[in-house]
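The values are calculated or read from the model by the stated rules, or taken from the named source; none is laboratory data. As the structure is a prediction and not an experimental result, all values here were calculated from the model. A quick note on method: Cβ atoms are made from the backbone with ideal geometry, for glycine too, and the neighbour counts reach across all protein chains shown.
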């Protein structure tokens, strides 16, 4: 899981993959938040 190193040619986490994991986790949380928010808004309109 070293796509930052491959893509940018830098090694900010010394090859551990922790930065990539953090980025992917943040993206997943943002997407989950958007989905939950949209579902809540849709549920409010149907009542």
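Details
- Within the span defined as the range 5-12, one or more residues are surrounded by 10 or more Cβ atoms within 10 Å (Cβ to Cβ) and in a helix (DSSP H, G or I).
- Exclusive hit being out of contact with any helix residue (DSSP H, G or I) (no Cβ under 9 Å at 6 or more places or on another chain) and touching a residue at least 12 places away in the same chain (Cβ under 8 Å), set 6, 21, 42: 21
- Where residue 37 falls short, out of the listed (1) surrounded by fewer than 10 Cβ atoms within 10 Å (Cβ to Cβ); (2) at pLDDT 90 or above: (1)
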